[in-house]
Amino acid sequence: MVQTADSSPIIQAENLTKVYRSGKIEVQAVRGVSFAVPRGEFVAIVGPSGSGKSTLFYLLGGLTRASSGRVVIDGVDFATLDDAARTRLRRQRIGFVFQRFNLLPTLSAMGNVEIAYDISGQKEPMDRAYLDHLSDLLSIQGRLVHRPNELSGGEQQRVAIARALITRPAIILADEPTGNLDTKNSDAVLSMLRRSNKELGQTTLMITHNMEAAAIADRILQVRDGMILSDTRTRFASAPAGHPPAVPPSVAGD
Ligand code: ADP
Ligand code: MG
């Protein structure tokens, strides 16, 4: 994990709520969620379908506005920003990984990474050596010339992770990144997310309904009905100063 002098949390959720309304129907998808994530931590948010995980992902990524409460990214409260500034903050600080990969079908894998880099508004041209490094890390060397439909699901997701990492974001947000993958590809993607978190140091927040996938994290937040049920540190947690000591993971037989 890359250590920085700044010990303030990089992600803070404060009493977050989200209510969806259509006509007279109201769904309270997120109901008073608060937590803070220190820099470099790998957090899994786990819960059953419909528990509000994706809504939380959209809120934390600034893709939707909270009904109440705050999301503070690196000291900046999303609510204080207009849409343009919010988009800028998101593109500079956050890399997104989605369940359905969301690669552009007409572009090669390389083209998908390049276009993501271009729209992120970086001042420097894309660092080709860094892309080579990511390709090694993610084992997609030789696959970059191919279009998404010529790649396996696991390869597409690893390209999507390279696309998320190319701008060196401080944060990776992944919503069910292994949801469309078989066990073998799922294991590969999980270990690569874990490895990139360790080697490149970005804070990673992974959403999953799968307790086994969650067990690779430093910390597991369990959600039910839009609320946090438990906040557990796993045996992988490095327990930096000021943190509670690691406790055994409560992953068995959930
Ligand atoms: P999860 O990702 O854990 O399956 P979601 O955040 O997608 O959960 O959904 C939480 C709740 O909010 C569910 O009851 C879902 O039906 C509802 N919901 C999600 N998105 C919308 C939306 N755009 N409009 C109305 N209700 C929604
Ligand atoms: Mg979801």
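The values are calculated or read from the model by the stated rules, or taken from the named source; none is laboratory data. Everything numeric here is computed off the predicted structure, so don't read it as measured data. Because the Cβ atoms are built from the backbone with ideal geometry, glycine has one as well, and the counts that use them run over all protein chains shown.
Do you know which residues across the range 92-118 are outside any loop (DSSP other than H, G, I, E, B) and touching a helix residue (DSSP H, G or I) at 6+ places or on another chain (Cβ under 7 Å)? Correct list: GLY95, PHE96, VAL97, ALA109, ASN112, VAL113, ALA116. Restricted to the range 17-37, and to residues there that are hydrophobic (A, V, I, L, M, F, W, C) and away from ligand 1 (no atom under 12 Å from the Cβ), the residue that is surrounded by the most Cβ atoms within 10 Å (Cβ to Cβ) is VAL37. Of the residues making up the range 3-16, not a single one is touching a residue at least 40 places away in the same chain (Cβ under 8 Å), within 16 Å of ligand 1 (Cβ to nearest atom) and in a helix (DSSP H, G or I).
Identify the residue in the range 61-72 that is away from ligand 2 (no atom under 16 Å from the Cβ) and small (Gly, Ala, Ser) and, among all such residues, is surrounded by the fewest Cβ atoms within 10 Å (Cβ to Cβ). So the residue we want is SER68. For the range 41-60, filtering for residues that are assigned to a loop (DSSP other than H, G, I, E, B), in contact (Cβ under 8 Å) with a residue 40 or more places away in the chain and either among the basic types (Lys, Arg) or surrounded by fewer than 21 Cβ atoms within 10 Å (Cβ to Cβ) (or both) leaves 2.
Inside the range 174-232, residues that are basic (Lys, Arg), at pLDDT below 95 and either more than 29 Å from ASP6 (Cβ to Cβ) or within 16 Å of ligand 1 (Cβ to nearest atom) (or both) make up a count of 1. Checked against (1) surrounded by fewer than 20 Cβ atoms within 10 Å (Cβ to Cβ); (2) within 20 Å of ASN197 (Cα to Cα); (3) modelled with pLDDT of 95 or more, ARG168 passes all but a single condition, namely (3). As a summary of the residue check, ALA84 satisfies the conditions (1) closer than 24 Å to ILE166 by Cβ; (2) modelled with pLDDT under 95; (3) within 16 Å of ligand 2 (Cβ to nearest atom) except for the one numbered (3).
Would you be able to tell me the number of residues in the range 61-84 that are within 18 Å of VAL223 (Cα to Cα) and in contact (Cβ under 8 Å) with a residue 60 or more places away in the chain? Number satisfying all stated conditions: 2.
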